[in-house]
Amino acid sequence: TEFDEQALAELSDSIKLQGLIQPITVRKVGTDRYQLISGERRLRASKIAGLSEIPAYVRTANDQQMLEMALIENIQRENLNAIEIALSYQRLISDCGLKQDELGERVGKNRTTVNNYIRLLKLPPIIQAALRDDQITMGHARAIINIENPETQLKIFRKTIEEAWSVRKVEEAVQALKLTIEDVSTKERRPNVIKQEMRSLQFKLSSYFGAKVSIKTDEKQKGEIKIPFTSQDELERILQVLKFES
C-alpha cells in the first residue's frame, strides 16, 4: 500500500535505459483485458517511463489462486514493512484457507516466524503505525506484545519513543513489569488460599470436638483457636476429647 516516490523514479530511470527485465504477471479477465497479479511497482515505474507496452506472463488462475499468488509474491519483496507482511499472512490464512504450517511452506518461513508476524496485528493501531513507519523495530514490537493490557502496552511504547529505548531496554522493562504483576497476583491469591485452608480446618475441628470452633489469624499468620462451651458437662466432654486430666 506504500510506494516510495523516489524509489519509483529510480526504477523508472532504470527501465528507460535497460527496459523491463522482469515481466509482470497477469491473468486474462476478458477480451483484451488483463488483471495484475504481481509487479505493481514495475507497472507504475513503466508508466512513469512512458512505455506503452511491457512484457508479461499470462497465468490461468481463479480468484483464490490469483490472490494467493499475489500475496506470496508481495511477501517476497525486500521493502515490505512488518505490518504489511503480517496483513498478507493474515489474508493468506483467512481468505485463502491456508493453515500456518502450509503458509510457512509457501513463503519459506517456519510456523513460529509466521505466528510472530500475525501477533503484531493484536497491537493497538498507534503501535502498528509506528512499526509501519519505522519509528520502532520488529524487536520492539515483539517485546511489547508480551504484555496483555493495551494501556500498559501504550505506556511502554511511549517510553520507548520518548527515551529512544533499545530493544534490550524494552525487553527488560516488560520482564520487570511481568514479574511485578505476578508478585502482586501471588500476594492477592495467598490470603484467599490461607482463608480457605482456615475454613476447612475450622470445619474439621468443629466436627472433631462437637462444638463451634473458631480460628482467627492476622497478616503474619499468628492467631488463636477458640473452643466455646455452654456447660460443665460440655467442658468435660471437650477435655475428654483432648485427653486432658486436671
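Counting heavy atoms of the protein chains alone, Thr152 has an accessible area of about 30 Å² for a 1.4 Å probe.
Among the GluC sites (Glu not before Pro) in segment 119-181, those located in a DSSP loop and surrounded by at most 13 other Cβ atoms within 10 Å of their own Cβ are Glu148, Glu163. Just the number, please: percent antiparallel of the DSSP beta bridges in the chain, rounded to the nearest 5. Within the chain, antiparallel bridges account for around 70 percent of the total. Available extension along the chain between Ala176 and Glu236 is 15.8 nm, counting 0.36 nm per residue and deducting the alpha carbon span. Where (i) 24.0; (ii) 14.1; (iii) 16.5 are the candidate values, the label of the one calculated here for mean projected area of the Cα convex hull in nm² is (i).
When Val26, Val241, Val58 are compared by accessible area of protein heavy atoms, the largest-first order is Val58, Val241, Val26, using a 1.4 Å probe. The C-alpha atoms of segment 1-89 occupy a region whose extents along the principal axes are 38, 36, 17 Å, arranged from largest to smallest. Accessible area per residue for the chain, computed on protein heavy atoms with a 1.4 Å probe, is 70 Å².
Placing unit charges on each Cβ (+1 for Lys and Arg, -1 for Asp and Glu) gives segment 3-156 a dipole about its Cα centre, and among Gly108, Ile15, Ile144 the Cα reaching farthest toward its positive end belongs to Gly108. Can you give me the angle between helix 82-94 and the longest principal axis of the chain, using Cα atoms only, in degrees from 0 to 90, rounded to the nearest 10? With rounding to tens, the tilt is 80 degrees. Taking amide hydrogens as placed 1.01 Å from N in the peptide plane, the amide H of Arg59 sits under 5 Å from those of Val26, Arg27, Lys28, each at least 5 positions away in sequence or on another chain. The chymotrypsin sites (Phe, Trp or Tyr not before Pro) of segment 1-75 meeting both criteria, a DSSP state outside H, G, I, E and B (loop) and at most 16 other C-beta atoms within 10 angstrom of the site's C-beta, are Phe3.
Amide H contacts of Ser38: Thr25, each under 5 Å away and 5 or more positions distant or on a separate chain (H built 1.01 Å from N in the peptide plane; Pro and chain starts excluded). Between 0 and 90 degrees, rounded to the nearest ten: what's the tilt of helix 5-18 against the longest Cα principal axis of the chain? Rounded to the nearest ten degrees, it is 40. Bridgeable lysines around Lys216 (alpha carbons under 21 Å apart, same-chain partners fewer than 8 residues away excluded): Lys187, Lys195, Lys204, Lys226. Along segment 223-235 the Karplus relation, 6.51 cos²θ - 1.76 cosθ + 1.60 evaluated at θ = phi - 60°, assigns HN-Hα couplings of x, 8, 10, 10, 10, x, 9, 10, 7, 5, 4, 5, 4 Hz to successive residues, with x for each Gly and Pro. Please state, rounded to one decimal and in Å, the Kirkwood hydrodynamic radius that segment 76-132 gives when every pair of distinct Cα atoms enters the mean of 1/r. About 11.6 Å for segment 76-132. Scanning the chain for trypsin sites (Lys or Arg not before Pro) lying in DSSP loops with no more than 13 further Cβ atoms inside 10 Å, the longest uninterrupted stretch between such sites is 100-211. Here each label is just a point 7 Å from Cα along the line to Cβ, and for Gln202 and Arg59 those points are 7.1 nm apart.
For the chain, the longest principal axis of the Cα atoms and the long axis of helix 150-162 meet at an angle of about 60 degrees.
Work out how much length Lys159 to Ser94 would gain on full extension: take 0.36 nm times their residue separation and subtract the Cα-Cα distance, in nm to one decimal.
Gain on stretching Lys159 to Ser94: 20.0 nm.
Helix-only arithmetic for the chain: the sum of -39500 (n - 2.57) across DSSP H runs with n ≥ 4, divided by the residue total, places the mean residue ellipticity at 222 nm at -19000 deg cm²/dmol.
The values are calculated or read from the model by the stated rules, or taken from the named source; none is laboratory data. Note that this is a predicted model, so its numbers are computed, not measured. Every residue, glycine as well, gets a Cβ built from its backbone with ideal geometry; the counts of neighbours run over all protein chains shown. In case anyone asks, the SASA skips ligands and DNA or RNA and just uses the protein heavy atoms, side chains included. Shrake-Rupley method; radii C 1.70, N 1.55, O 1.52, S 1.80 Å.
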